[in-house]
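The values are calculated or read from the model by the stated rules, or taken from the named source; none is laboratory data. These numbers were taken from a predicted model, which means no experiment stands behind them. Glycine gets a Cβ as well: all are built from the backbone with ideal geometry, and neighbour counts include every protein chain shown. In case anyone asks, the SASA skips ligands and DNA or RNA and just uses the protein heavy atoms, side chains included. Shrake-Rupley method; radii C 1.70, N 1.55, O 1.52, S 1.80 Å.
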Amino acid sequence: MFKIDDHKQLPLFDPWDYLSPKRRHILDLSWAGLFREEVLPILPVRELKSCFSDKTGRPSKELHTMLGVLLLQQAHDLTDEETVFQFSFNIQWHYALNITEESDSAKYVSLKTLWTFRQLVIDKKLDTILFEKIAGKLAEAFNVNTDKQRIDSVHIKSNMRRLGRIGIFSKSIHSFLVNLKRKYPDCFQEVNSSIVDKYMSEKALSCFSLVKPSDAPKTLDGVSKDLFDLIELFKENDDVTSMYTYKQLERILKEQCNIEESDDDNKVELKKPKEIPSDSLQNPSDPDATYSGHKGQGYQVQIMETYNESDGENKGEELNLITYVSVEKASESDANALIPAIESVKERDLSPKEVQADSLYGSDENCETAKAIGVEVVSPTMGAKKSDGISLSDFEISEKGIVEKCPQGFSPSYSKSKKDRITQGFLHNECAKCPIANECPAKKGKKYNYLRYTKKAARLARRRRVEQTDEFKERYRWRAGVEATMSEYDRRTGVKHLRFRGLDSVRFAATLKATGLNIFRAAAFRKRQKPHLRGAGKGFMINTQFIQFVKELFQWMYSRIKESFMLEYSFHQFVANLGI
C-alpha cells in the first residue's frame, strides 16, 4: 500500500521551531532549504502509484522521501551504506525531506528497500521526468534566461573492467559454460572436457590475463576457435540458443571474426583491429558499453546549459542552469545530439535563441535544421582552410549564399542557379589582369571565367570567412565555459566513474547527478542574492497568517454571541471559558 504525504500543506505549528535562529538560518540558505521549498513538493510520486496497492499490503515508505533519497544519493556520490547512514542521522537530509518524526519508519531505510525503489525508478525512467520537472521549476523560480545556451559531451565509465580481445572471448565462454551447467546439465555433458578444463577451472580466467604479448596472437586464435566450436555444437538446440550468454557468443563471433565457409570445414579468421566496429562488445558484464576512438570505452553524456555574458563584478548575476541531459553510447556521434537537445528544451518552454557548440555539432545540416526552428547555432566549421591557393571562403558571399565579389573586388557579370548548384561568370578582361588567376577556382570558358559551387559549399565558405573576424572570436569565447561545467559535474557528483552497469542504470545515475548539480547551483545563487534570508522560513510566515485568521474568527464569534445573549464579560474571558 502506497504512502504519500502532502508537502504543500503546511502544519499549524512549525516543526522546526526547536532549532536556534542561526542554525535554522544556515539550513534555509543551504541546498536543504531550497530542496524542501522548491523540489520536494513537485517530485513525481504519482508515477509510482501503479506499483503499489491502494488498499492492501503493508504501507510503503513515504514516496516523496524515497525519491528524494535516491536523488540526494547520486548528487552526493554516496554508496548504499553511506546513504542509509546519512538518511538516518543527517539533519540536512531530514530538513530537505521535511521529516519531523523520530521513528525508524520515518528516518531509516533498509538496503533492500533502497534497491527496490531504485529499480522502480530505472524501469519507469523517472530519472528523466525528475530532471525535467526540477529544471523547469528552478528556471521559473529564478527567472532563468534561456536565450543563450551551450552544449557539449563528457565521457563516462561504468563499473566494468577494461578487457582486451582475449579477455572478452574467455570471459564470455566462462559465463556461458557456468549458465549452461546450471540450467541444462545434460547439454553441459556434451562440451569437450578440454574446453571445460580451460575455462572453468579455479584459475582459468587469471591464466588468460598472464599471456605474454608474444603469445597473444596464438592464444587469441585458440579462444576464437573454442567460441566457434561451442556455437556450432548447440546451434540446433532451441533451449540453449535462447540463452542470453549464448547470444553474446554469437555477437562476439560476428563482431570479432570472419567465417570462411568451405566444403570440408569452416575456418575462423580474426578481424584486424581496425575492422572491428566501435559499437562492439567491450565487456560481457556491460553489453551496452561501446568504444570511442577519441575517448575509449564507456558512455557519454550530452549536457546543454544556459549562460550569461558577464565578467568581473557582474559575473554570477544570473543562474546557469542545465536544461538538457542525455546519456548515449560512446560510439554515438555528437553531430546527432544537437537537434534532439533543441527539440527537447523547446517542448519544455526552455528554448534558446542561440546555441554555442564545437565543430562536431556545427554541421551544415544541423545549422540549417536549427535555423528552421528559430535557433542560431554558433560553431566553427569542420576542417581547415587550404594553406595554398584561393578557396571559396576568400570570396565575399552574401547571407543568401551568393558570391558578390572575388578576392580582387570584381563582381560577377553572369549568374545561374539550378537546384542546389550555382554558376557565376566573371569577365575575361577582368580575370586577365588578376595576379592570382592561376590559383583562382574560377575556370576560363567561352564567354566568362566560370565559378561553380553548391549552396552548401557557399554557406560553409561564408562561415569560415566570418570565423576569422574578431567579432566572432569574442562571441564564441563563451562556449569554453561549458568545460568548467563538465569539471564541476565530475568533481561534485563523481559522474565519470559510476557504480552501475548497463545503459538504463547509467542513465539513471548520470541524469540524477545533473539534477543534483542544478540544485547545488541554484542554492549557491540564492545565497548570493538573498544572504539575509530569514531563518524562520516561508512556512512560519504562512502559519502566522493562519493564526491571525483564527483569532479574527473567534472575535467575530464573540461579537455575534454577545449580541444574542447580552454577554457582559470581555473577549479574553470568553476565550478562557472555551478552554483555549
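Quick look at the numbers
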| read-out | value |
| --- | --- |
| Qualifying position, being among the small types (Gly, Ala, Ser), in contact with a Gly (Cβ under 9 Å, 6 or more places away or on another chain) and in contact (Cβ under 8 Å) with a residue 40 or more places away in the chain, among SER359, SER310, SER351 | SER351 |
| Some residue of segment 375-383 being touching a Ser or Thr at 6+ places or on another chain (Cβ under 9 Å), within 30 Å of VAL144 (Cβ to Cβ) and either open to solvent by 80 Å² or more (accessible area, probe 1.4 Å) or charged (D, E, K, R) (or both) | no |
| Elements of type helices (runs of 4 or more DSSP H) contained in segment 334-452, each with 2 or more residues being of a type in the set (S, T, N, Q) | 364-372 |
| Qualifying residue in segment 173-186 (condition: within 30 Å of PRO340 (Cβ to Cβ), of a type outside the set (Gly, Ala, Ser) and without any contact (Cβ under 8 Å) to a residue 12 or more places away in the chain) | no |
| Which numbered condition LYS107 fails, given (1) buried (at least 16 other Cβ atoms within 10 Å of the Cβ); (2) at pLDDT 95 or above | (2) |
| The one condition in (1) more than 26 Å from VAL69 (Cβ to Cβ); (2) hydroxyl-bearing (Ser, Thr, Tyr); (3) modelled with pLDDT of 95 or more that SER559 fails to fulfil | (3) |
| Selected residue (criterion: farthest from ALA32 (Cα to Cα)) from residues of segment 74-91 that are aliphatic (A, V, I, L, M) and not in a loop (DSSP other than H, G, I, E, B) | VAL84 |
| Qualifying residue in segment 60-74 (condition: touching a helix residue (DSSP H, G or I) at 6+ places or on another chain (Cβ under 7 Å) and over 24 Å from LEU138 (Cβ atoms)) | yes |
| Filtered residues of segment 133-180 (kept if buried (at least 19 other Cβ atoms within 10 Å of the Cβ), part of a strand (DSSP E or B) and of a type outside the set (D, E, K, R)) | GLN149, ILE151, SER153, VAL154, ILE156 |
| Which numbered condition LEU460 fails, given (1) more than 25 Å from GLU368 (Cβ to Cβ); (2) crowded, with 16+ Cβ neighbours inside 10 Å | (1) |
| Lone unmet requirement of (1) without any contact (Cβ under 8 Å) to a residue 40 or more places away in the chain; (2) surrounded by fewer than 19 Cβ atoms within 10 Å (Cβ to Cβ); (3) closer than 19 Å to LEU114 by Cβ for PRO41 | (3) |
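One line per residue, one yes/no per condition, for (1) open to solvent by 40 Å² or more (accessible area, probe 1.4 Å); (2) out of contact with any Asp or Glu (no Cβ under 6 Å at 6 or more places or on another chain):
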{"site": "LEU34", "(1), (2)": "no, yes"}
{"site": "ASP54", "(1), (2)": "yes, yes"}
{"site": "LEU63", "(1), (2)": "no, yes"}
{"site": "PHE87", "(1), (2)": "no, yes"}
{"site": "GLN92", "(1), (2)": "yes, yes"}
{"site": "TYR95", "(1), (2)": "no, yes"}
{"site": "ILE122", "(1), (2)": "no, no"}
{"site": "PHE131", "(1), (2)": "no, yes"}
